[in-house]
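J.: Here it is, the structure, as structure tokens.
The values are calculated or read from the model by the stated rules, or taken from the named source; none is laboratory data. Owing to the predicted nature of the structure, the values given are computational and were not obtained by experimental measurement. Methodologically, a virtual Cβ is constructed for each residue, glycine included, from the backbone with ideal geometry; neighbour enumeration extends over all protein chains shown. Areas reflect the complete protein model, heavy atoms only, side chains present, ligands, DNA and RNA absent. Shrake-Rupley method; radii C 1.70, N 1.55, O 1.52, S 1.80 Å.
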Amino acid sequence: QTLNGPGNERYKELTAELFNTAVFENTLKWQPLAGDWGGGWTVDVASKGVDWLHQHDIQVRGHVLVWPSWRNLPRSAKTLEKEPAKLRAAVNAHVSELALAMRGKLAHWDVLNEPFDNHDLMDLFGDDVMLEWFKGARAADPNVKLFINDYAILSGGAGDTPHRDHYEKTIKFLIDKGAPLDGIGMQGHFGGALTGPEDLLKVLDRFAKFGKQIWITEYDVDIDDEAIAGQFTRDFYTTLFSHPAVGGILMWGFWDGAHWHRNAPLYRKDWSLKPAGEAYRELVLKTWRSNEQAKTDAAGNYKTRAFLGKYAIKVTAGGKTKTVEVELGVGSAPVVVKLE
């Protein structure tokens, strides 16, 4: 999110404190890059934002390469509706050019967004056109993780829904056809209908069977009762954190002063903390962080359990001190610190 004016510095401070992954709401969408929203939207602007985030050890998600309906494509695409070959080439060129321009800068790309009700291009070219977008993105950036993304998968309560059924069918189609699909995005916009933990886990299990990492890409909860929003945020994050297929959760804004609903989860416009913000800070900055002090055994060994993530390990012995930074992942090897 690009901010100018009051709140910008505080916004950046909290971004660096609270998050390790970020996404631009609009900066990499095709419509603004094509000039439909006026001037100032360029890949260079996005790259500068990415550079700042990387300086603060925050990885970046790209959103979005293809949002395949006329209402979410640039006006120039609609003018080619009667020239399908040119239109298809233009979409493929956009995917390749933008993915190449951001090559090496992003951790994830949303290649395809909201196919349930954004399908004009699939109606025109057939579902196989989706494969071209994934393959084009992979060719342009071999290392970025490629995602599909849709809404109303986690929200909406229990049971099967046409939206969930379509998403499962689309993902299976892409995998069966050999698309280089790395992950499944579930947006996570909640309103009055809040999905409970048991039903969230059932949805996650349903999609985890594909063997792809699941990311919640656009979490917010737009209800007036801040206490309920806080309780739900606590339960939602705890539930998603518990599931082995979930790789992360991204908020779709955290401050009322820069949020599409003006009702962000964490902070009011005056920067006072909401109940959901208190719950988030407690979980992310305290509960899910491992901090301890201990002595090694006589052989210089120490063993402990810790949450996955990045750590600074400080070792002192014989008047010497050394600090090493390590990242603890699944199956990580023991950390060896030598004092010389």
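J.: Please identify the trypsin sites (Lys or Arg not before Pro) of the stretch 1-94 that satisfy two criteria: DSSP loop assignment and at most 15 other Cβ atoms within 10 Å. Which are they?
T.: 82
J.: Turning to a different aspect of this structure: Relative to a virtual label point 7 Å from the Cα of residue 295 in the Cα→beta-carbon direction, which members of the stretch 313-327 show backbone nitrogen distances below 14 Å?
T.: In the stretch 313-327, the label zone of residue 295 (backbone N under 14 Å from the point 7 Å along Cα→Cβ) covers 316-318.
J.: Still on this structure, please answer the following. So what is the relative contact order of the chain, in percent, for Cα pairs below 8 Å that sit 6 or more residues apart?
T.: Rounded, it is 10 percent for the chain.
J.: Using a Gaussian network for the chain with springs between C-alpha atoms less than 10 Å apart, which of these wobbles most: 169, 286, 320?
T.: 320
J.: Output needed for the stretch 196-280: three equivalent-ellipsoid semi-axes, defined as square roots of 5 times the C-alpha gyration tensor eigenvalues, in descending order, whole Å.
T.: Details: eigenvalues 133, 34, 19 Å².
One finds semi-axes of 26, 13, 10 Å for the stretch 196-280.
J.: Compute the Cα gyration tensor for the stretch 64-181, then decide on rounded, prolate or oblate, letting a ≥ b ≥ c be the square roots of its eigenvalues: rounded whenever a/c is under 1.5, prolate when a/b is larger than b/c in the other cases, and oblate in all that remain.
T.: oblate
J.: A further question on this structure: Dipole of the stretch 1-144, Cα-centred, from +1 at each Lys and Arg C-beta and -1 at each Asp and Glu C-beta, to the nearest 20 debye?
T.: Computed charge dipole of the stretch 1-144: roughly 300 debye.
J.: Relative to the longest principal axis of the chain, what angle (0 to 90°, nearest 10) does the C-alpha long axis of helix 129-140 take?
T.: The answer is roughly 50 degrees.
J.: Please list the radius of gyration and Dmax for the chain, considering alpha-carbon atoms only, with Å as the unit.
T.: 21.9, 78
J.: For the stretch 127-173, with only Lys/Arg (+1) and Asp/Glu (-1) charged at the beta-carbon, what is the dipole magnitude about the Cα centre, in debye rounded to 20?
T.: That gives a dipole near 180 debye.
J.: Averaged over all directions, how much area does the convex hull of the C-alpha atoms of the stretch 15-81 cover when projected, in nm²?
T.: Directional mean of the projected Cα hull area for the stretch 15-81 stands at 4.9 nm².
J.: So what are the radius of gyration and Dmax for the Cα set of the stretch 127-205, in Å?
T.: Radius of gyration, then largest Cα-Cα span, for the stretch 127-205: 14.3, 42 Å.
J.: Per the Kirkwood definition applied to all pairs of different Cα atoms, how many angstroms is the hydrodynamic radius of the stretch 114-251? Please list the in-between numbers first.
T.: Numbers: mean 1/r = 0.0634 Å⁻¹.
When all Cα pairs of the stretch 114-251 are included, the Kirkwood radius is 15.8 Å.
J.: Quick check: the angle from helix 162-176's long axis to the longest principal axis of the chain, C-alpha only, nearest 10 degrees?
T.: Tilt relative to the chain: about 90 degrees.
J.: For the stretch 105-153, what does the accessible surface come to per residue with a 1.4 Å probe? Please give it in Å². Don't skip to the answer; put the middle values down first.
T.: Values: 1560 Å² over 49 residues.
Using a 1.4 Å probe on heavy atoms only, each residue of the stretch 105-153 averages 32 Å².
J.: Quick check on the stretch 277-340: take the gyration tensor over C-alpha atoms, sort the square-rooted eigenvalues as a ≥ b ≥ c, and tell me if it's rounded (a/c under 1.5), prolate or oblate. Could you put the intermediate results ahead of the total?
T.: Numbers: a/c = 2.36, a/b = 1.93, b/c = 1.22.
Cα axes put the stretch 277-340 in the prolate bin.
J.: With +1 on the Cβ of every Lys and Arg and -1 on the Cβ of every Asp and Glu, and nothing else charged, how large is the dipole of the stretch 76-223 about its Cα centre, in debye rounded to the nearest 20?
T.: 600
J.: What chymotrypsin sites (Phe, Trp or Tyr not before Pro) does the stretch 1-56 have in DSSP loop regions with at most 15 other beta carbons within 10 Å? Show your work: numbers first, answer last.
T.: Working: sites: 11, 19, 24, 30, 37, 41, 52; in loops: 19, 24, 37, 41.
Counting only loop positions with at most 15 other Cβ atoms within 10 Å, the chymotrypsin sites (Phe, Trp or Tyr not before Pro) in the stretch 1-56 are 37.
J.: Semi-axes of the equivalent ellipsoid of the stretch 226-340: what are they in whole Å, largest first, if each equals the square root of 5 times a C-alpha gyration tensor eigenvalue?
T.: Equivalent ellipsoid of the stretch 226-340: 38, 16, 12 Å, largest first.
J.: How many percent of DSSP beta bridges within the chain run antiparallel, rounded to 5?
T.: 25
J.: Using 7 Å Cα-to-Cβ label points, what is the residue 89/residue 326 separation (nm, one decimal)?
T.: Once both label points are built, they end up 5.6 nm from each other.
J.: Still on this structure: As an exercise, use a Förster radius of 51 Å and the Cβ-Cβ distance of residue 202 and residue 339 to find the FRET efficiency, rounded to the nearest 0.05.
T.: 0.50
J.: Take the solvent-accessible surface of the protein heavy atoms, probe 1.4 Å, and return the percent of it on the chain that carbon and sulfur atoms account for.
T.: Details: 8730 of 17340 Å².
Ligands and nucleic acids excluded, carbon and sulfur reach 50 percent.
J.: From the helices alone, meaning DSSP H stretches of at least four residues, give me the mean residue ellipticity at 222 nm for the chain, per-run term -39500 (n - 2.57), in deg cm²/dmol to the nearest 500.
T.: Theoretical 222 nm ellipticity from helices: -10500 deg cm²/dmol.
J.: To continue, here is another question. Considering the dipole of the chain built from charges on the beta carbon (Lys and Arg +1, Asp and Glu -1) around the Cα centre, which of 28, 195, 264 is farthest to its positive end?
T.: It is 28.
J.: Continuing with the same structure: For residue 82, go through the aspartates and glutamates and keep the ones whose alpha-carbon is under 17 Å away, minus same-chain ones fewer than eight residues off.
T.: Result set, ordered by chain and number: 120, 123.
J.: Per 5 Å bin, what percent of the C-alpha pairs of the stretch 48-124 does each bin hold, from zero upward?
T.: 3, 14, 23, 20, 15, 11, 8, 4, 1, 0
J.: Separate question: Which residue fluctuates most in the GNM of the chain (Cα springs below 10 Å): 40, 157, 185?
T.: 40
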